[in-house]
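Please read the structure below before turning to the comments.
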Amino acid sequence: ILAPIASAATPPNRNTTDVISIYSGAYDNVAGTNTFPDWGQGGLGSSWAEFDLNGDIMLQYTNISYQGIQFGSPQDVSSIEFSHLDVWTADAPRLETSLISATNGEKPVWSDLTKDAWTSIDIPISEFTSQGLTVADIHQLKFVGDSFAAGNGAAGTVFIDNIYFYKAPSSGVSTLIV
């Protein structure tokens, strides 16, 4: 199998105030987001496409070196708890995800992937802030393939869906008068 034959799990219903969606059919995405800003990786043999699985559209990065997403506007994720993405692969053991701040650069977090299955990844925002990253102005995401990071060139294909930031549900106090 070289591509997923089933979609990733549907994201849970969340309050719009608890989610900042970058690429997902379940939520409203940040307007103007570019899922392939082409940071010059085509010369390394990397490629990008949207993959249509029976109407479920997802990102496909082939021969991944590093690729990124440019948000339509910087996002303040300082009150958010997690970064989420679903990744399917047949041949990539790990994926690096970096948040990129407009003011102080980028910080990476590695995730192990399960081959021939969807891997649901929830990265605590604290894994980025503990490295000194400012998260009040995140304007890009970067994905790096394991082979490229090891110095072995662009290799492996990943399918990515449901890219969003979220926090625990907002709770309000409700008073029932009898």
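The values are calculated or read from the model by the stated rules, or taken from the named source; none is laboratory data. Nothing here was measured: the structure is a model prediction, and the numbers come from that model. So basically every Cβ, Gly included, is an ideal-geometry build from the backbone, and we count neighbours across all protein chains shown. Heads up: the accessible areas ignore ligands, DNA and RNA and are worked out on the full protein's heavy atoms, side chains in. Shrake-Rupley method; radii C 1.70, N 1.55, O 1.52, S 1.80 Å.
General observations
- The listed residues are SER47, SER21, and the only one of them that is closer than 18 Å to PHE143 by Cβ, touching a Ser or Thr at 6+ places or on another chain (Cβ under 6 Å) and of a type outside the set (Val, Ile, Thr) turns out to be SER47.
- Here PHE71 passes the criteria (1) touching a strand residue (DSSP E or B) at 6+ places or on another chain (Cβ under 9 Å); (2) modelled with pLDDT under 95 except the one numbered (2).
- Which listed residue is within 22 Å of SER120 (Cα to Cα), open to solvent by less than 50 Å² (accessible area, probe 1.4 Å), without any contact (Cβ under 8 Å) to a residue 40 or more places away in the chain and not small (Gly, Ala, Ser), from THR35, THR89: THR35
- Only one entry in TRP118, TRP48 is surrounded by 13 or more Cβ atoms within 10 Å (Cβ to Cβ) and in contact (Cβ under 8 Å) with a residue 60 or more places away in the chain, namely TRP118.
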